[in-house]
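Quick notes on the structure that follows.
The values are calculated or read from the model by the stated rules, or taken from the named source; none is laboratory data. Computed from a prediction, not measured in an experiment: that's the story for all the values here. Note that each Cβ is placed from the backbone with ideal geometry, even for glycine, and that neighbours are counted across all protein chains shown.
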Amino acid sequence: MSKKAILAFSGGLDTSVVVKYLQEKYNMDVVTVTVDVGQGDDQKKITAKAKKLGVKKHYNVDAKKEFVSDFIFPAIKANSLYQKKYCLATALARPLIAKKVLEIAKKEKVTALAHGCSGKGNDQVRFDVTFSSGSNLPIIAPIRDLNLDRKTELKFAKKHGIKIDSVAKKFSIDQNLWGRAIEGGVLEDAYKEPPNDAFIWVKTKNLAANPSYLEIQFEKGVPVAVDGKNLNPIALIEYINKKAGAAGIGIVDHIEDRVVGIKSREVYETPAATCLIEAHSDLEKMVHTKHENKFKSLIDDEWSWLVYSGLWEDPLREDLDAFIDQTQKRVSGTVRLKLYNGNLRVVGRKSKYSLYSHKVATYGKGSTFDQKLAKGFVELWGMQSTEANKLQRKR
Ligand code: ARG
């Protein structure tokens, strides 16, 4: 029986090189799968590229809807920002891509699962764990197994007539509906400001002279309308990416702790994710009690850490989702954001479940809050702290 590998194929440098390696060095037939998670690539071109590389069969799978409903929406509910900054665009897409590859792997009766990840990044973890959770087939990762570096890959690509676009020669890019990750090249100097040509989604020059506003309506923790328009989830995210990106919103630049222990300088463009998470977490503060707010932020952090770390398949993720879903019942309302010159600010929020009471909070006349009661409360609240300090003073 001939050996046959199935490969998650983006059409980029890594996966193109991997097709050839699998054929030539591993002596395998290759089936490729491109999963559309909103990366905006031309599927026809990718299919043609796969065919030109001599694959036995190529599949295109449109997973955009599933990506939003089953991955992005849970991330919004969890206010998910790994290390307070990264919206997990790549991290969320990988388990979905791997699942789609597994579905076709069964049909195609392949003998191995392949991916184009290096041994230095997080994506290998995400692919390996999802593959191994759903199958016993061996995993082949030529770039990791053969310890390939980017320069060698570029040379190999040239030798095999694989066309690489000019951006890919400068940076390593991964993008989908939820964000665009830019790595490598000049960005590897952590002190150097990213050049403007690293950015495609977010405008960095000639920004509008006047602010614009974004009004996002949430229903049970997920966005359902924007600027008064009921849009389907994909269109809604695309709309915010465009509008906020044009206002210069959504560039993230930070040092990230990878699963494998490496620290890396990561640059992202995530306009919609930045706005939606800012708005969602603001709305939560209005409808949740202080106890819910405090506890949920621990759960949110754990969720982000788990998903970043490639453990989407761990039962803990579903356990956390159950809690998070329970908390979203009252997260309905509207948040108003002001976008100006690359700055984002929540300037208003309202909800029928709001726990904010003007009558209680007002410093004006007629508040229903009897401030005289506060004296006794503060005395008891601070009792142990003040006692401890009194004792200290005596000693
Ligand atoms: N650091 C991010 C993550 O691990 C982004 C990775 C982007 N991948 C890439 N091939 N450029 O999720």
Exercise. Taking into account only those residues within segment 307-323 that are hydrophobic (A, V, I, L, M, F, W, C) and surrounded by fewer than 19 Cβ atoms within 10 Å (Cβ to Cβ), which is nearest to Gly261 (Cα to Cα)?
Worked result: Leu316
Seminar exercise, completed: For Gly161, the lone unmet condition from (1) on the phi > 0 side of the Ramachandran plot; (2) surrounded by fewer than 20 Cβ atoms within 10 Å (Cβ to Cβ); (3) touching a Lys or Arg at 6+ places or on another chain (Cβ under 8 Å) is (3)
For this session: Restrict the check to segment 254-262 and report whether at least one residue is surrounded by 14 or more Cβ atoms within 10 Å (Cβ to Cβ), touching a residue at least 60 places away in the same chain (Cβ under 8 Å), away from the ligand (no atom under 16 Å from the Cβ) and not β-branched (Val, Ile, Thr).
Result: no
Exercise. So which residues in segment 175-208 are modelled with pLDDT of 95 or more, among the small types (Gly, Ala, Ser) and assigned to a loop (DSSP other than H, G, I, E, B), if there are any at all?
Worked result: Ala190
For this session: Please determine, by comparing only the residues of segment 360-372 that are assigned to a helix (DSSP H, G or I) and surrounded by 10 or more Cβ atoms within 10 Å (Cβ to Cβ), which one is farthest from the chain's Cα centre (by Cα).
Result: Val360
Exercise. Do we have Val287 as among the aliphatic types (A, V, I, L, M), within 27 Å of Phe127 (Cβ to Cβ) and touching a strand residue (DSSP E or B) at 6+ places or on another chain (Cβ under 9 Å) here?
Worked result: no
Problem set entry | Members of segment 146-165 found to be farther than 14 Å from Gly11 by Cα and free of Cβ contacts under 8 Å to residues at least 24 places away in the same chain, listed by number | Asp149, Lys151, Thr152, Lys155, Lys158, Lys159
Seminar exercise, completed: In segment 126-157, anything within 16 Å of the ligand (Cβ to nearest atom), of a type in the set (A, V, I, L, M) and out of contact with any Leu (no Cβ under 9 Å at 6 or more places or on another chain) is listed as Ala141, Ile143, Leu148
For this session: Using the structure shown, decide if Leu306 is touching a Lys or Arg at 6+ places or on another chain (Cβ under 8 Å) and more than 12 Å from the ligand (Cβ to nearest atom).
Result: yes
Problem set entry | Spans of strands (runs of 3 or more DSSP E) in segment 7-125 with at least 2 residues touching a residue at least 24 places away in the same chain (Cβ under 8 Å), within 24 Å of Arg150 (Cβ to Cβ) and of a type in the set (A, V, I, L, M, F, W, C) | 29-36, 112-114
For this session: Could you run through segment 274-303 and say how many residues are within 30 Å of Ser132 (Cα to Cα) and within 16 Å of the ligand (Cβ to nearest atom)?
Result: 1
Exercise. Name the residues in segment 158-174 that are in a helix (DSSP H, G or I), away from the ligand (no atom under 14 Å from the Cβ) and of a type in the set (Gly, Ala, Ser), would you?
Worked result: Ser166
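Okay, residues lined up against (1) within 30 Å of Lys220 (Cβ to Cβ); (2) of a type in the set (Val, Ile, Thr); (3) buried (at least 18 other Cβ atoms within 10 Å of the Cβ):
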{"position": "Thr15", "(1), (2), (3)": "no, yes, yes"}
{"position": "Asn27", "(1), (2), (3)": "no, no, no"}
{"position": "Leu53", "(1), (2), (3)": "no, no, yes"}
{"position": "Ala98", "(1), (2), (3)": "yes, no, yes"}
